[in-house]
Amino acid sequence: MLPLVAIAFVVLLALGVPIGLILLALSLIYVLLEPAIMDVVFAQRLISGTQSFPLLAVPLFILTGELMNISGITRRVMDFAALVTHRMSGGLAQTNILLSTLLAGMSGSANGDAAMQAKVLVPEMSKRGYPLNFSTALTSASALIAPMIPPGIGLILFGFVTNTSIGRLFAGAIIPGLLLAAVMMAQTHLITRRHGWDPPNRDKPTISLGRAFLGAAPAILLPVLIIVGVRMGVFTPSEAAAVAVLYTATFILIYREADWRQIWLALRSTLATTSAILLVLAASAAFSWVLTFERVPQTIGEAMLTATDQPQMMLALIATIIFLGGLFIEGTALILILGPMFLPVVTSLGVDPVHYGIVFVLMAHLGGITPPVGTVMFTACAITRVSIIDFARAVWPYILSYLFVAAVLILFPFFSTWLAYI
Amino acid sequence: MGSQPTRALRVMQDLELVIDRVLTTFAVAILVVMVALVAIAVAARYLFNSPLVYSYDLSTLLFAWTVFLGLYTAERDNTHISLDNLVQMAPAKLRRLLLIVRQVLLIAVATYAAWMGLLLIQRTGMQIPSMRISVRWLYASMPVGFGALALIYLLRLPRLIAIREN
């Protein structure tokens, strides 16, 4: 039975059937062949997969990010980031990374971040002589910082499917997110200086640092508000997300830069993204119920434990599996399907769930920029019209440094757990 | 080829657009109400000290409707998570065949899911206690959402078959 299901999965995936529907189709095979599995109970599992209050944080944080990009906050944060980095070599490239980092607190997904920066920053970078494929690769790589620094959709979903505290995951991911930003900035410094791209600008800036900071403050303040609020128990992550939506909507009212059409498109995009994610989540919730009949999680767990029983090696093994899966499959799907499956394995070796979660989510995001398939890469390349091959030529150094950060996080749990447990 | 098939294809495209308008408007309206409800519930708890007991159940009920109605919008906006560039690499003849096979499969799976949802509605009649409404209000989101998804897949099938003629 199981080999048949595995083959069907690969064939349907290659055929381009959406992953949520693949899981439904596979369940259909089970329902037809196994009289013990009732189709109606399966349908009920599917719907109840959506019936959870913490999941509301997903659309709410996506909406926050969408609204932020049209509110005028983004432009102000960009002015601030450009001011801070203008004396560096490769100033605009650094702006690109810093902007992702600063906006991360209002943006929960890498895709939105990449789309916005590919539209706004990449044309400016081209004017200053950066090669187009480098700008696109940098934009995509730095966009991966956004979902690590809270709030992050990946962290919320992981916390949900593995029953790990979302508040702790948020807090724990701050240092890894900043570490990622620091490593990318250092690397970008070396690359731009070697090629002599965008030399340091000695001109006097037109606005003062204080005024620029004031413009960026709303974006920097929000993640602090969310984390402190959630960790102090003032509100749940979903409630924090609703507050974040109102917070951002307030700035739309104040700045008056967005029109109704943009607001409609922001809502529509939130709807489409949420629905796509939740289809996979609900279908995998229903499908995993089927899988437990086959004792699949136990079988996989036992197989992995025969490979290694050393915690760090196990995390490295899992990171490798996610990396390989991420070449072809969207990270969100990996989080939802594999996240809970590997959990008992790592906890049996004494790995902290928050540590595991942060390594897992970090690696799952990387799938967004690794060719041949990656949603962040597709988004950015579609906007800047760079081919996947040219993109790959420019992005590999960033993938290597990303893997370096992952290795550091695996070896030193401290980076992920310190802020999570205070 | 005559203009008859072309016109039929155009009618289907128009129909797809009209359904999109209706469903997306509904789903977005529900989304907005859901956001407002969660925000009001926080305010009610802290500012007025009177928690809304039904807010959890109502907001998750609304959530199910946004998710399932949004399936159609997600298909239109191409946000469903899939690996579709392998098929695009296939030679033209094979690609056309694969796309048609895929489309038929999609129609089958979405229809099956809608059908399961209908069965579920028929066989349950419980109430959601906090709101005193039938749980069918929740379950109905599934057949409606998957029904619409099956419909858009169906509306797009003739175009895939007709591609060679254009």
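The values are calculated or read from the model by the stated rules, or taken from the named source; none is laboratory data. Given the structure is predicted, the values throughout are model-derived calculations rather than measurements. As a convention, Cβ positions derive from the backbone with ideal geometry for all residues, glycine included, and neighbour counts pool all protein chains shown.
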Considering A:Ile29, A:Ile62, A:Ile22, which residue is in contact with a Leu (Cβ under 8 Å, 6 or more places away or on another chain) and at pLDDT 90 or above?
A:Ile22
Just give me the residues in the range B:44-60 being buried (at least 16 other Cβ atoms within 10 Å of the Cβ) and either touching a residue at least 40 places away in the same chain (Cβ under 8 Å) or part of a helix (DSSP H, G or I) (or both), in sequence order.
B:Tyr54, B:Ser55, B:Tyr56, B:Asp57, B:Leu58, B:Ser59, B:Thr60
Selected residue [surrounded by fewer than 18 Cβ atoms within 10 Å (Cβ to Cβ), farther than 22 Å from A:Ala110 by Cα and under 23 Å from the mean Cα position of the chain (by Cα)] from A:Val296, A:Val234, A:Val224, A:Val228:
A:Val228
Just one of the numbered conditions (1) more than 14 Å from the chain's Cα centre (by Cα); (2) modelled with pLDDT under 95; (3) within 26 Å of A:Thr164 (Cβ to Cβ); (4) aliphatic (A, V, I, L, M) is not true of A:Ala380; which one?
(3)
In this structure, is A:Leu67 touching a residue at least 40 places away in the same chain (Cβ under 8 Å) and either facing chain B (nearest Cβ under 10 Å) or of a type in the set (D, E, K, R) (or both)?
no
Pick from B:Arg156, B:Arg123: which is of a type in the set (Lys, Arg) and buried (at least 16 other Cβ atoms within 10 Å of the Cβ)?
B:Arg156
Restricting the first residue to the range A:216-229 and requiring it to be more than 18 Å from A:Thr74 (Cβ to Cβ), which pairs with a second residue that is acidic (Asp, Glu) and part of a helix (DSSP H, G or I) meet a Cβ separation below 7 Å and a spacing of at least six or different chains?
none
When restricted to A:Ala8, A:Ala110, A:Ala104, A:Ala114, the only residue farther than 30 Å from B:Gly125 by Cβ, more than 10 Å from chain B (Cβ to nearest Cβ) and free of Cβ contacts under 8 Å to residues at least 24 places away in the same chain is A:Ala8
Just checking, which of B:Ala43, B:Ala108 is more than 7 Å from every other protein chain (Cβ to nearest Cβ), hydrophobic (A, V, I, L, M, F, W, C) and closer than 27 Å to A:Leu281 by Cβ?
B:Ala108
For the range B:70-92, what are the residues that are surrounded by 21 or more Cβ atoms within 10 Å (Cβ to Cβ), touching a residue at least 12 places away in the same chain (Cβ under 8 Å) and either within 8 Å of another protein chain (Cβ to nearest Cβ) or over 22 Å from A:Ala333 (Cβ atoms) (or both)?
B:Gly70, B:Leu71, B:Thr73
Being part of a helix (DSSP H, G or I) and closer than 21 Å to A:Val58 by Cα is the filter here, so list the residues in the range A:75-113 that pass it.
A:Ser100, A:Thr101, A:Leu102, A:Leu103, A:Ala110, A:Asn111, A:Gly112, A:Asp113
Residue pairs qualifying under the 7 Å Cβ cut-off, at least six apart or on distinct chains, with the first in the range A:250-273 being more than 14 Å from every other protein chain (Cβ to nearest Cβ) and the second being polar (S, T, N, Q), are A:Phe251/A:Ser71; A:Tyr255/A:Ser71; A:Glu257/A:Ser71; A:Ala258/A:Ser71
What number of residues within the range B:61-88 are of a type in the set (S, T, N, Q) and in a helix (DSSP H, G or I)?
4
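One line per residue, one yes/no per condition, for (1) assigned to a helix (DSSP H, G or I); (2) of a type in the set (Lys, Arg); (3) over 16 Å from A:Thr236 (Cα atoms):
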| residue | (1), (2), (3) |
| --- | --- |
| B:Arg7 | yes, yes, yes |
| B:Gln13 | yes, no, yes |
| B:Val38 | yes, no, no |
| B:Val42 | yes, no, no |
Given the conditions (1) crowded, with 24+ Cβ neighbours inside 10 Å; (2) part of a helix (DSSP H, G or I); (3) at pLDDT below 95, every one holds for A:Gly357 apart from (3)
How many residues does the range A:1-43 contain that are among the hydroxyl-bearing types (Ser, Thr, Tyr) and in contact with a Phe, Trp or Tyr (Cβ under 7 Å, 6 or more places away or on another chain)?
1
Members of the range B:14-34 found to be loosely packed, with under 13 Cβ neighbours inside 10 Å and away from every other protein chain (no Cβ under 14 Å), listed by number:
B:Asp14, B:Val18
Examine the range A:127-136 for a residue that is surrounded by 24 or more Cβ atoms within 10 Å (Cβ to Cβ), in a helix (DSSP H, G or I) and among the aliphatic types (A, V, I, L, M), and state whether such a residue exists.
no
Is it true that some residue in the range B:115-122 is free of Cβ contacts under 8 Å to residues at least 24 places away in the same chain and in contact with a Lys or Arg (Cβ under 7 Å, 6 or more places away or on another chain)?
yes
Say whether the condition of being buried (at least 24 other Cβ atoms within 10 Å of the Cβ) and either in contact (Cβ under 8 Å) with a residue 60 or more places away in the chain or not in a helix (DSSP H, G or I) (or both) is met by at least one residue in the range A:186-201.
yes
Scan the range A:312-332 residue by residue and report those that are facing another protein chain (nearest Cβ under 10 Å) and not aliphatic (A, V, I, L, M).
A:Phe328, A:Glu330, A:Gly331, A:Thr332
Could you tell me which of the residues A:Gly105, A:Gly90 is crowded, with 22+ Cβ neighbours inside 10 Å and within 23 Å of A:Gly368 (Cα to Cα)?
A:Gly105
Residue by residue through the range A:371-386, note down the ones that are part of a loop (DSSP other than H, G, I, E, B) and surrounded by 18 or more Cβ atoms within 10 Å (Cβ to Cβ).
A:Val373, A:Gly374, A:Val386
